[in-house]
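Chemist: Dropping the structure in here first, questions after.
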Amino acid sequence: MALKMRDSELFDKAVAKFFQPIAQKLGLPLTKIREGIYEIASPHFILRIRLDDGHHRGLNVILRLASLRDFDERKPGIQYGIGCFMLFNGEDEKSLHFDVITDEDFLKNAQFLAEATQRFGVPYLLGQKNDFEALREFIKKRGAPELERTRQMLRNIERTMPSVRQEWIVPEDEMPQ
């Protein structure tokens, strides 16, 4: 629990240091939605800065269309991390991986993501880019081999261990083909 509290405080400092200047430069509000989540909203897109609540330390920067004010974070294709925008624009995948162990690493990661936001997120916030559907298709195609590998793994499990039953959370009609 102490780590989460420390990360929460560090997260607030990182957002103020690296993302507040972006919001100010654009004349957009930086709003704290709740503990561990901030947003920069424009008429075109909403940029969410979120404390990583998974297995890794750090933060996430995510973009979604401004028309989706209320949304289900678990539904695919609604929002994409800044790394997806970087890949879509030809950045090397290796540059996206960042181990966050120390507080200094956390701040370096925040700075990296703020710089990526400047390059790849700001044009969407300003309405200068309108290729979100193309990005969505790019990510869908990129994930198709992994999805098929997962499906094959589940078929193998069902075949070799018939007592194991797996259900998809995503309805079949929403699964990429």
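Chemist: With θ set to phi - 60° and the Karplus curve 6.51 cos²θ - 1.76 cosθ + 1.60, what are the ³J(HN,Hα) couplings of the stretch 105-118 in order, to the nearest whole Hz, using x for Gly and Pro?
Modeler: For the stretch 105-118, the Karplus curve yields 4, 4, 5, 5, 5, 4, 5, 4, 5, 5, 5, 5, 4, 4 Hz.
Chemist: Going through the cross-link list Lys13/Lys141; Lys17/Lys141; Lys94/Lys141; Lys17/Lys140, which pairs have a Cα-Cα distance over 25 Å in this structure?
Modeler: Working: Lys13/Lys141 37 Å; Lys17/Lys141 36 Å; Lys94/Lys141 19 Å; Lys17/Lys140 34 Å.
In this structure, Lys13/Lys141; Lys17/Lys141; Lys17/Lys140 exceed 25 Å between Cα atoms.
Chemist: Related question: Can you pull the one-decimal nm distance between simple spin-label points at Lys25 and Asp52, each 7 Å off the Cα toward Cβ?
Modeler: Going by the 7 Å Cα→Cβ label model, 2.4 nm.
Chemist: Let me ask something else about it. Please compute the per residue accessible area over the stretch 1-67 with all protein chains in place, 1.4 Å probe, rounded to a whole number of Å². If you can, show how the numbers build up before the last one.
Modeler: Numbers: 3530 Å² over 67 residues.
Heavy-atom SASA per residue in the stretch 1-67 reads 53 Å².
Chemist: Heavy atoms only, probe 1.4 Å: what % of the accessible area of the stretch 10-110 goes to carbon and sulfur, would you let me know? Mind dumping the intermediate values first?
Modeler: Details: 2770 of 5460 Å².
The value for the stretch 10-110 is 51 percent carbon and sulfur by accessible area.
The values are calculated or read from the model by the stated rules, or taken from the named source; none is laboratory data. The shown structure was predicted, so the numbers you read here are calculated from the model rather than taken from an experiment. For neighbour counting, all protein chains shown are included, and Cβ atoms are generated from backbone atoms with ideal geometry for every residue, glycine included. The protein model used for the area step is the full one, side chains on, heavy atoms only, and it has no ligands, DNA or RNA in it. Shrake-Rupley method; radii C 1.70, N 1.55, O 1.52, S 1.80 Å.
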